[in-house]
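Visitor: The structure under discussion is supplied below as structure tokens; questions concerning it will follow.
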Amino acid sequence: MLQFIGRRLGIMLLTALCLTFVVFFLTNLYPNLEKLAKTQGNFRMSEEQVDTWLANRGYKRNMFIKYGEWLGVVPGYVITGTDGETRARCARKGSAIEDASTYCGVLQGDWGYSTVSKEPVGDVLLGLSDNPETPRDDSRPGRLQLTGYLMMWAMIVTIPIALLVGIFAGMREGSKTDRTLSTFSIATSATPEYVSGVVLIAIFASSAVGLKWFKGSAAQAMTAPGLENFTLPVLTIALFNIGYIARMTRASMAEVMTAQYIRTARLKGVSFAGIVIKHALRNALIAPFTIIALQIPYLLTGVVITETLFNYKGIGWQLVQAAGNNDIEMLLGVSVVSVVIVLISQLISDIGYVFLNPRIRLS
Amino acid sequence: MDPLSWGEIIIRIFGQFTPVWIALVLTFVISIKFKHSLGLYGRLFDSMVGMVGFALVMFWAYTALFTGLFDWIATHDPLTQVSGMKNKVPGTAISNPAEGLYEYYLLGGDNLARDVFSRVVKGSVIVIAIAPFATLFAYMVGITLGLPAGYYGGKLDTFLSFAANLILAFPVILLFYLLVTPEIALVGIPAYMAAALFIFPLIFLAMLLNSKYETRPSVRTPVLMVVIGIGFLIYMSAISDTNRYTLVDFWPSFLDLYDVNPEILIVFVSVVFVNSPTIFRIVRGLTLDVKARDYVAAAQTRGESPWYIMLWEILPNVRGPLIVDFCLRIGYTTILLGTLGFFGLGLPPESPDWGTTINDGRRLLSVYLHPALVPAFSLLSLVLGLNLLADGLREESLKD
């Protein structure tokens, strides 16, 4: 078991390195850097000016070295530029260049600065402050906390409904209940977030013809989440996932219900409810559990759409903003966070599967 | 003129779709009449769910076909703005219409005074043109790599599986934001990816024919030469472009049969790229499952080549789950295309595809519902149709 987890962790680490390098490579391509130079310097820079601007700031070096610096395993550059100014990657505003630390990368907790808002990326995303003298305002939680909160509520709504729908549909395959519930889950899994969100806003929030029960924007939910401003985003994410998880649960449940041991229990005279609760559920829920953990990457896409649609400033909203504004460090930060979330969820899914399934655990 | 009532709007829309209804009825009548000799497709008409799904899918397929080929159905040009029609409710009459212009905006106008109905109809062409083909290409990639990975196992499998898991660990939306930008297109990455991904259908076809006729060189050589020749011409025409974003600029222009719209190409390539790892995993899993069967052992004993076993023994025997997944995946691809449009990635902002239209409409959603709701329901009905179709196919294929 330990060996299994160790090997999984090794692969995870390798995957994380590969993925972050790909993101680093794609965000640091020359056209992106040129755009960065022009937005940071001035828009009328000539090509040579762009080149010197980039060279002075250490952008015109080998991609692997830059990646190592960003990661924090290669010492940060100290470059005396053609304009006579000495710049160091690890230098902080207000302190001398000589005082700068050798390494400053993601591993040291230094995520760089957003080129748009000039705030430290780590602070914005995680809501932490690496500088104890300027603690962050608690009323402005990090993007990750906001997204985590949204995902948590989406999961709290999704999982019980999806499992119940799946179990009730799968326990009597082909019955009227099954038909109705299956149609419901097919319909919801055919509704992407940008469709369900639009429809939900139209029904519940539109000022023209809607019921006006909820708000079409979740901007206030960041500081004061409540039923009025948080229901629609949570429902939007939940709906799409309910369908998928319910269908998986139904398939798994239907398969278990045809197994020999269920027939044996039936012939022994165990009541139907007893069979479902005592014998079928345990085995039927193994597959949905893995599915739920593996759903998290897809959930992330849903979160990006929902946060954009409802103007909720979490990780997804930040991703769209950073990509739109060519905010390289921020985009890298968001990628790290989402890649870590995906990999952890895969690990949980793997380990959980092994734990839940005695056939694998004992071999 | 007075605005139309809801009843009149429905009747008029119904009338606009007349060619589609005729085609649908014909398809159903012919299919049901000959359903006993049509295999799995014929048995689809035994299940209600499958028929409803098939009807929804074919409705949009015929709509796209007739709009794309003959310019029927749509009442207006999807880009023309008519003054005074901004955000007008469905059924509004155009004041002083020009000669020959349809007098009403059947489903209202959007925030740039364009006809919502025509945009949705025209948008279906983009969706129907890209989604099935992108899925097909992704299948070619997934099958060509998944079969050997599952059949041979070993280092090849380890490497390919790691690469597939790598792509799968990317949140799709992040990948899109990284790949589908004008800057990336300037570097030529989509062109390289197109060159790499589009070669797979060619490899697939060549392998398929080669393994079949290997023992008869007199048939194989001419067949392969013709197929590879034509395929290579199509392939080179697809990846070479006389204008921009080009990788292959040495290809002579008289052999360049057509140019692919670069924006569509980027969208197409990234959708194929995102879909292939999942298909790879499915094919690999199915191959692992099937390769221990007796008929595979029999073929091995006969001394058949590995590719013959993979393509002519294993692949036909796993077609059931693959066909079902193919339908589901077209739906998923449609959702992905919508996502790209929703974030304004790839396709031009005035494009009538459904994702872009939903994105346009959502800004004024709390006041004007129709510009966003109409494309939303269109997309929903198409994806729902594909899911129902897949469900019906699965049910019928399990009956054997």
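Visitor: In degrees from 0 to 90, rounded to the nearest 10, what is the angle of the helix A:143-171 Cα long axis to the longest principal axis of chain A?
Guide: Between the helix axis and the principal axis of chain A, the angle is about 20 degrees.
Visitor: May I ask you to list, by number, the DSSP H helices of chain B whose Cα span along the axis is at least 18 Å and whose average Kyte-Doolittle hydropathy reaches -0.5 or more?
Guide: B:18-33, B:48-70, B:116-152, B:154-168, B:189-213, B:217-239, B:262-290, B:319-342, B:370-398
Visitor: If you don't mind, there's one more thing I want to ask. Would you mind checking the stretch A:45-73 for residues with the amide N under 19 Å from a putative spin-label position 7 Å along Cα→C-beta of A:Thr86?
Guide: Of the residues in the stretch A:45-73, A:55-59 have backbone N under 19 Å from the label point off A:Thr86.
Visitor: Same structure again: Mind pulling up the Rg/Rh value for chain B? Radius of gyration and Kirkwood radius, both on Cα.
Guide: Radius of gyration over Kirkwood radius for chain B works out to 1.01.
Visitor: Follow-up question, since we're still on this one. Taking the Cα-to-Cβ direction at A:Val209 and at B:Val367 and moving 7 Å from each Cα, how far apart do the two end points lie in nm?
Guide: Rounded to a tenth, the inter-label distance reads 1.7 nm.
Visitor: As a test of understanding, state the convex hull volume per residue of the stretch A:161-254 from its alpha carbons, in Å³.
Guide: 99
Visitor: Please report, in cubic angstrom per residue, the volume enclosed by the convex hull of the alpha-carbon atoms of the stretch B:93-162. List each step's numbers first, then the result.
Guide: On the way: hull volume 8.5 nm³, N = 70.
Enclosed volume per residue, from the Cα hull, is 121 Å³.
Visitor: Stretch B:Thr215-B:Thr80 to full length: gain in nm at 0.36 nm per residue minus the Cα-Cα span?
Guide: 42.6 nm
Visitor: Moving to a separate point now. How high is the FRET efficiency from A:Ser175 to B:Leu38, r the C-beta distance, R0 30 Å, rounded to 0.05? Intermediate values should be presented prior to the final figure.
Guide: On the way: r = 30 Å, r/R0 = 1.00.
With R0 = 30 Å, the Cβ-Cβ based efficiency is 0.50.
Visitor: Given a Förster distance of 51 Å, report the FRET efficiency between A:Lys268 and A:Lys60 from their Cβ-Cβ distance, rounded to the nearest 0.05.
Guide: 0.10
Visitor: Restricting to Cα pairs below 8 Å that are 6+ residues apart, what does the relative contact order work out to for the stretch A:1-119? Please round to a whole percent.
Guide: Rounded, it is 17 percent for the stretch A:1-119.
Visitor: Compute the helix-to-body angle for A:2-27: its Cα long axis versus the longest principal axis of chain A, expressed 0 to 90° and rounded to tens.
Guide: Helix A:2-27 sits roughly 50 degrees off the main axis of chain A.
Visitor: In Å³ and rounded to a whole number, note down the convex hull volume per residue for the Cα atoms of the protein assembly as shown. Mind showing how you got there, number by number?
Guide: On the way: hull volume 167.8 nm³, N = 763.
Normalising the Cα hull of the protein assembly as shown by residue number yields 220 Å³.
Visitor: Counting only Cα atoms, I'd like the Rg/Rh figure for the stretch A:226-286, Kirkwood definition for Rh.
Guide: On the way: Rg = 16.9 Å, Rh = 13.6 Å.
My calculation of the ratio gives 1.24.
Visitor: Quick one: what are the phi-derived ³J(HN,Hα) couplings along the stretch A:51-64, Karplus 6.51/-1.76/1.60 with θ = phi - 60°, whole Hz, x for glycine and proline?
Guide: 4, 5, 4, 5, 5, 5, 9, x, 7, 9, 10, 4, 4, 5
Visitor: Which value in deg cm²/dmol, rounded to the nearest 500, describes the helix-derived mean residue ellipticity at 222 nm for chain B, given -39,500 (n - 2.57) per DSSP H run of n ≥ 4 and division by the residue count?
Guide: Value at 222 nm, helices only: -23000 deg cm²/dmol.
Visitor: Something else about it: With a bin width of 20 angstrom, please list the P(r) values of chain A as percents of all Cα-Cα pairs, from the 0 bin to the one holding the largest distance.
Guide: 23, 46, 25, 5, 0
Visitor: How big, on average over all directions, is the shadow cast by the Cα convex hull of the stretch A:1-132, in nm²?
Guide: That works out to 10.2 nm², a quarter of the Cα hull's surface.
Visitor: Give me, ordered by chain and number, the residues 5 or more places off A:Tyr113 or on other chains with an amide H under 5 Å from its own placed amide H.
Guide: A:Val121
Visitor: Starting from the exponent 0.38 and prefactor 2.2 Å, build the expected Rg for the stretch B:274-400 from its residue count and divide its actual Cα Rg by it.
Guide: Normalised by 2.2 N^0.38 Å, the Cα Rg of the stretch B:274-400 equals 1.50.
Visitor: A follow-up question, please. Using only helices, what value at 222 nm comes out for chain A when you add -39,500 (n - 2.57) per DSSP H run of length 4 or more and divide by the total residues, to the nearest 500 deg cm²/dmol?
Guide: Details: 16 runs with 224 residues, N = 363.
-20000 deg cm²/dmol, from helical runs alone.
Visitor: Taking the Cα centre of each part, how many Å lie between the stretch B:182-227 and the stretch A:299-349?
Guide: The stretch B:182-227 and the stretch A:299-349 have Cα centres separated by 37 Å.
Visitor: Tell me which residues come under 5 Å, amide H to amide H, from B:Tyr104 once H is placed; ignore anything under 5 positions away on its chain.
Guide: Excluding prolines and chain starts, which carry no amide H, the hits are B:Ile94.
Visitor: Just want the answer: with Cβ charges of +1 for Lys and Arg and -1 for Asp and Glu, which residue in B:Phe342, B:Tyr308, B:Ala298 is farthest toward the dipole's positive end in the stretch B:264-386?
Guide: Sorting the options by dipole projection puts first B:Ala298.
Visitor: What dipole magnitude, in Debye to the nearest 20, does the stretch A:25-123 give about its Cα centre under +1 on Lys/Arg Cβ and -1 on Asp/Glu Cβ?
Guide: For this selection, approximately 160 debye.
Visitor: Highest GNM mean-square fluctuation, chain A, Cα pairs closer than 10 Å: which of A:Thr20, A:Thr80, A:Thr231?
Guide: Between A:Thr20, A:Thr80, A:Thr231, it is A:Thr80 that shows the largest mean-square fluctuation.
Visitor: Relative contact order for the stretch B:1-113 using alpha-carbon pairs under 8 Å, separation at least 6, rounded to a whole percent?
Guide: Relative contact order for the stretch B:1-113 comes out at 30 percent.
We did not get these values from a lab; they are worked out from the coordinates using the rules stated. What you see is a predicted model, and the numbers here were worked out from it, not measured in a lab. In this analysis, Cβ positions are derived from the backbone assuming ideal geometry, glycine residues included, and neighbour counts consider all displayed protein chains.
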